[in-house]
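Asks: Got a structure here, written out as structure tokens. Questions coming.
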Amino acid sequence: MAAALAPGVSRKLKKVLETRTDSPDLLASLGALSTFYVQNTPQARRNLKSSIEQRALAINRHFLDASLPAHKALDRVEGEVHALNDSWKKIEEALNSCSASTGDIISTTERMQQELEVITQRQEIVSCFLRDYQLSNEEINALREEDIDEKFFKALLHVQEIHSNCKVLLRTHHQRAGLELMDMMSVYQEGAYERLCRWVQAECKKLGDTDNPEVSELLKKAVRCLKERPVLFKYCAEEVANMRHHALFRRFISALTRGGPGGLPRPIEVHAHDPLRYVGEMLGWLHQALASERELIVVLLDPDAMTDSGPASRRQSGRDGDSSRGESDVTFVLDRIFEGACRPFKVRVEQVLQSQPSLIVSFKLSNTLEFYGYTIAELLGEDTALCNTIWSLRDAAQQTFFSILKSRGEKLLRYPPLVAVDLSPPPAVREGISLLLALIDTYNSMMVPASGKRPNFDPVISALLDPIIQMCEQAAEAQKSKGSLARRGRTSSDPSGNSRDSISVDAILSKNLSTSVLSAESSSKVYLVNCLSAIQEPLKGQEVATSYVNNLSSMIEAHVRALVDKEVDSILRKCGLSNKMPYIKDYGNSDDAKALADVVETSPQMLLECLKAFYGIVTGTEGSLPEFEQLQVPRLRSDACYGLARALAETHELIYKAVMDPKNNYPDPRSLAKHSPEQIRTILEI
């Protein structure tokens, strides 16, 4: 027996040993066991199973005692469910008994429900028709009897919508109804527009009572509606123009004569003694008034333009035509408004011009009028009464300015000044240049509008300087004439009866004539160069006078060349070479020409005396070359001296080549031409 039980015991023992003592179930079991198994005695171990069974029995009894109320409650619920089931069966029996009697009522109800739906649909159709094609009594009263308010505009908008909807009817088989409704709406519409026009005219009359009226939103909306009727809109625009015309005229006269409230600002005519300020304040007042009037008229007649961001947005929204038409309406009204201020403004400016203002003031007036002409044209338009008045006054100011210049030039030409001993420019040149520089400063500082450009200043320069240059030329011509008369007197008193050109070299040397003294003609050239230089130098760097300075440079260069040529010719005449140069220049033109040594004028003896005198002048032993000391500009003086020296060197080189040419048969050319061209250039420092 023990041997048979040993394997079982060993397995149990092994199972017990392999049991994990840290498992949650084992720990919970041991915890529960510890509550009633407090002593580990043999008796307790033997009674352990019965103790556990008794404890399980006690727990079950406790569970039965605790579930007894719930069991009683379930019994009560079961009884109520059975009662409800009985009630439901009774109701079902009652309904089954009533279903037969209520079948007719249900069918009648369904039929009436369908009829109600049809009637409701018809009612909606009629309501839509009345809404889209008829006016309500309230809308009719708003169009005909009540004051102009938001209800009026809503009713008018509804009339326009009905009129548009009637066009849809004309495309269907309800054409007669459409025509009748259109006629009815046309009557309402025309009556409403006429009433609206009278109301707008009455409101516009109130705008003339104040200087800066406020335009109500209701009036803006009314004008926007009237744009649909161009004729009525034109009546309203004319009413606005007339009212603002009279108001602006009164304000302008008041600003001229009485000034502002309380005398501030002071009346504009207080400054009538100052032409420039007087005209400038009138133009400034008109420009400021134009800006405020334009804002008012644009708000009133073209309120949509105030919300447009520019031409691009108008193009995108398709309002180009409306915008151009609105702009033309605004221009028409503004032109009419400012037409009244044209006459008093023009009369006062003409009085200023008739008072013979100074030259500078006249020029500034012309520039001021031109600036405001462009500025006002931007706001008002080109072909308007005020712009035309300003342009005509600008032309009158320019005419006054050029008339003063013309009279000044005629006076200078009538009484030309005498040429100073030092050939310096007359005071009239300095005065003219000072005046021109002042005009240039005024021209450069003048305001230029964005859409305009500076006027051409060349006519001003020409009108001022051309008479001065003509005066200088007349004085130079008179100086040259006096010199010619004096020279004729000296020639006629010559006992030999020969002219200066035929005087022999010995006579020239014996009289010891000095070539440093300029002739009358050369003096006149120097005088002209000095005058032109005095005009040119201050104008250099002035952009507006660039072309005139270039013309003066050309004139100065021409006079300097003529001066140099005259002095070269004078020196050659005094040396006796003047009448010999044609033979020397033409000797090589033909092969069968006569040798220069065989010509009387260029014979060795004659040429020797002439070259001797020429060398004496060039080297300074028999006189001196003119140094043009009376030329007041050092650069021109240097250019003239250099040009003279170069011309003499070129002439000598031409003579030297002719003398050294064997074809001319000069026996001893070295004795005639003692100096080579290089030596003469060295002597002349070129």
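Asks: So which residues in the range 224-256 are in contact with a Cys (Cβ under 8 Å, 6 or more places away or on another chain) and in a loop (DSSP other than H, G, I, E, B)?
Replies: Matches in the range 224-256: Arg229 only.
Asks: Which number in (1) part of a helix (DSSP H, G or I); (2) over 25 Å from the mean Cα position of the chain (by Cα); (3) at pLDDT below 90 marks the one condition that Gln356 misses?
Replies: Here Gln356 clears every test but (1).
Asks: A further question on this structure: So, in the range 257-299, of the ones that are among the small types (Gly, Ala, Ser) and part of a helix (DSSP H, G or I), which residue ends up surrounded by the fewest Cβ atoms within 10 Å (Cβ to Cβ)?
Replies: So, considering only residues that are among the small types (Gly, Ala, Ser) and part of a helix (DSSP H, G or I), the one surrounded by the fewest Cβ atoms within 10 Å (Cβ to Cβ) is Gly262.
Asks: Now, a different point. Output the number of the condition that Ala142 fails; it satisfies all remaining conditions of (1) in contact with a Lys or Arg (Cβ under 8 Å, 6 or more places away or on another chain); (2) touching a residue at least 24 places away in the same chain (Cβ under 8 Å); (3) of a type in the set (Gly, Ala, Ser).
Replies: Checking Ala142 against (1) in contact with a Lys or Arg (Cβ under 8 Å, 6 or more places away or on another chain); (2) touching a residue at least 24 places away in the same chain (Cβ under 8 Å); (3) of a type in the set (Gly, Ala, Ser), the one that fails is (2).
Asks: Another one. How many residues does the range 592-651 contain that are without any contact (Cβ under 8 Å) to a residue 12 or more places away in the chain and either assigned to a loop (DSSP other than H, G, I, E, B) or not acidic (Asp, Glu) (or both)?
Replies: 13
Asks: Okay, moving on. Taking only the range 621-652 into account, find how many residues are at pLDDT below 85 and either over 18 Å from Asp569 (Cα atoms) or acidic (Asp, Glu) (or both).
Replies: 3
Asks: Give the number of residues within the range 343-367 that are within 17 Å of Phe457 (Cβ to Cβ) and without any contact (Cβ under 8 Å) to a residue 24 or more places away in the chain.
Replies: 0
Asks: Here's a follow-up. Suppose we filter Asp86, Asp65, Asp132 for residues that are under 30 Å from Glu180 (Cα atoms) and either in a helix (DSSP H, G or I) or polar (S, T, N, Q) (or both); which single one remains?
Replies: Asp132
To keep it simple, each residue is scored yes or no on (1) free of Cβ contacts under 8 Å to residues at least 24 places away in the same chain; (2) in a loop (DSSP other than H, G, I, E, B); (3) not assigned by TED's automatic domain parsing to the domain that holds Glu521.
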residue: Leu369; (1), (2), (3): no, no, yes
residue: Glu378; (1), (2), (3): no, no, yes
residue: Ser407; (1), (2), (3): yes, no, yes
residue: Leu412; (1), (2), (3): no, no, yes
residue: Pro416; (1), (2), (3): no, yes, yes
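The values are calculated or read from the model by the stated rules, or taken from the named source; none is laboratory data. The structure presented is a predicted model; accordingly, all values stated were derived computationally and were not measured. Virtual Cβ from ideal backbone geometry, glycine too; neighbours counted across all protein chains shown.
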